[in-house]
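The values are calculated or read from the model by the stated rules, or taken from the named source; none is laboratory data. Bear in mind the structure is a predicted one, so any value in this text is a computation, not a measurement. Virtual Cβ from ideal backbone geometry, glycine too; neighbours counted across all protein chains shown. Ligands, DNA and RNA are excluded from the accessible area calculation, which covers all protein heavy atoms including side chains. Shrake-Rupley method; radii C 1.70, N 1.55, O 1.52, S 1.80 Å.
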Amino acid sequence: MKKTIITGAIFAGLAVLLGAFGAHALKDVLGSYASTWETGVQYQMFHAVGILIVGILMEKQASRLYTWTAILFSIGIVFFSGSLYVLSISKVSVLGAITPIGGVCFVVGWFLLILGVSRRTMSRY
């Protein structure tokens, strides 16, 4: 539980740093890929907050579904956002093929979160 919240906070902090780094230090390097970099930062922050929420839910009730949600969000950040960062700097478009793997991890993670919350809600009745 603590590890999940710490992981979410680390990813969120890194999103802030990477956003600032892209907007300032990499401004000339990114060029037309600036929006790609920004998309990576946004999705990283969205899912970092998701991991934080999952960590809070885990404190209320342990669930493998919550654990897998946090894992998939983390993998998604690495593959989705990470590939967009590398693509933005290297401009090697083939790296864009990795991005959907992260996207699938995000979607499956959200689905598992829905299942976890639904099971918790149903077990109270």
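Among the criteria (1) within 22 Å of Asp28 (Cβ to Cβ); (2) without any contact (Cβ under 8 Å) to a residue 12 or more places away in the chain, the one Lys91 does not fulfil is (2).
Residues in segment 1-12 that are modelled with pLDDT of 95 or more and either of a type in the set (Gly, Ala, Ser) or farther than 20 Å from Thr99 by Cα (or both): Lys3, Thr4, Ile5, Ile6, Thr7, Gly8, Ala9, Ile10, Ala12.
Of the residues making up segment 1-12, those that are surrounded by 13 or more Cβ atoms within 10 Å (Cβ to Cβ) and under 14 Å from Ala48 (Cα atoms) are Thr4, Ile5, Ile6, Thr7, Gly8, Ala9, Ile10, Phe11, Ala12. Residues in segment 23-72 that are among the hydroxyl-bearing types (Ser, Thr, Tyr) and within 16 Å of Val117 (Cβ to Cβ): Ser63, Tyr66, Thr67, Thr69. Filtering Ala25, Ala48, Ala20, Ala15 for residues that are of a type in the set (A, V, I, L, M), modelled with pLDDT of 95 or more and either surrounded by fewer than 17 Cβ atoms within 10 Å (Cβ to Cβ) or touching a Cys at 6+ places or on another chain (Cβ under 6 Å) (or both) leaves a single hit, Ala20.
Taken over segment 70-98, residues that are assigned to a helix (DSSP H, G or I) and surrounded by fewer than 20 Cβ atoms within 10 Å (Cβ to Cβ) amount to 13. Across segment 54-69, the qualifying residues are those that are surrounded by fewer than 19 Cβ atoms within 10 Å (Cβ to Cβ) and not acidic (Asp, Glu), and the one among them that is nearest to Cys105 (Cα to Cα) is Trp68.
When segment 28-45 is limited to residues that are within 10 Å of the chain's Cα centre (by Cα) and aliphatic (A, V, I, L, M), the one that is least open to solvent (accessible area, probe 1.4 Å) turns out to be Val41.
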